[in-house]
1. Based on a Kirkwood Rh over C-alpha pairs, give the Stokes-Einstein translational diffusion coefficient of region 109-182 at 4 °C and viscosity 1.567 mPa s in µm²/s.
2. Taking the chain as a Gaussian network, where each spring joins two C-alpha atoms under 10 Å apart, which residue of Gly46, Gly144, Gly124 fluctuates the most?
3. Just to be sure I understand: of the beta bridges DSSP finds with both ends in the chain, what percent are antiparallel, rounded to 5?
4. Which one of Glu64, Glu97, Glu147 has the biggest mean-square fluctuation once the chain is modelled by GNM with Cα springs under 10 Å?
5. Multiply the residue separation of Lys7 and Lys54 by 0.36 nm, subtract the distance between their alpha-carbon atoms, and state the gained length in nm to one decimal.
6. Quick check for me: using +1 on Lys/Arg Cβ and -1 on Asp/Glu Cβ, what's the dipole size of the chain about its Cα centre, in debye to the nearest 20?
7. Would you calculate, for the chain, the mean residue ellipticity at 222 nm contributed by helices, counting each DSSP H stretch of 4 or more residues as -39,500 (n - 2.57) and dividing by all residues, to the nearest 500?
8. For Leu76 and Lys100, calculate 0.36 nm times their separation in residues minus their Cα-Cα distance, and state this gained length in nm to one decimal.
Amino acid sequence: MANSRNKGNKNEREVAKLWNTWTGKEFTRIPSSGGLRWNRTHNTTGDLICADEKHSRYFTFSIECKFHKEINFQHLILPNKSVKIIEFWNQAVEDSERAKRIPILFMRYNGMPANFHFVVLSEGYYNAILSKRLPTHRLMKLYGMPEAASDFVILASDDLFQLDYTELHKINKRWLKKTFTA
C-alpha cells in the first residue's frame with residue numbers, strides 16, 4: 001500500500017510541475033492527497049491547488065490525479081461491475097461541484113511515457129470550450145455511461161498543454177459564471 005501511495009504522490013508532484021510549466025503559476029499537492037479541507041474553503045478540492053497568491057482564488061479547475069497499475073478502457077464498454085475510469089471521474093466531478101469549478105482528471109498507468117497523461121473532461125465543457133481548439137484525432141468521446149456523473153471525453157495531456165493557458169482561463173471564467181448562475 002505504501003508503494004502505491006508513493007506512486008500516487010509522485011504522480012501528483014509531476015502533474016503539478018506540468019501545470020507550473022503550462023500556466024507560469026505555482027501548483028502544489030493538497031496534503032493527504034486531496035483529503036484535507038481547510039475550513040470548507042473551495043480551493044482545496046481535488047489533488048492539486050494553485051498556490052499562486054493572486055491566481056488561486058480565480059483558478060477555474062478542480063484537478064484530480066490518478067496513477068493506477070492499469071487503466072482498462074475496454075471496461076467502459078464491457079459489462080464489468082467496477083470501472084476505475086468512471087470511479088475516478090465521479091470523484092473529480094463531485095469535488096468540482098462543491099468548489100464550483102471545472103472537473104479535470106489526469107490519469108496514467110504503469111509503463112506510460114514520462115509526462116503523458118490521459119485527461120478526462122466533461123463532454124459539455126469540451127464541446128463549449130475546447131472542441132474547436134484541439135485536434136480530434138486523439139480524442140475519445142464517451143456518452144451515456146450509466147454509472148458516470150456526466151458524459152466525458154478523454155484526450156492526450158500534450159494536446160491540452162498546447163493551448164494558451166491565459167486565453168483558456170479567461171474563457172473558463174465566463175463559462176463558469178454562466179454555468180453556475182443559470
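Coordinate-derived values only; no laboratory data. Given the structure is predicted, the values throughout are model-derived calculations rather than measurements. Here the Cβ positions follow ideal geometry from the backbone for every residue, glycine too, while neighbour counts run over all protein chains shown.
1. 95
2. Gly144
3. Taking every DSSP beta bridge with both residues in the chain, the antiparallel ones total about 70 percent.
4. Checking each option, the largest mean-square fluctuation is seen for Glu147.
5. 13.9 nm
6. Charge dipole, the chain, about its Cα centre: 340 debye, nearest 20.
7. -10500 deg cm²/dmol
8. 5.9 nm
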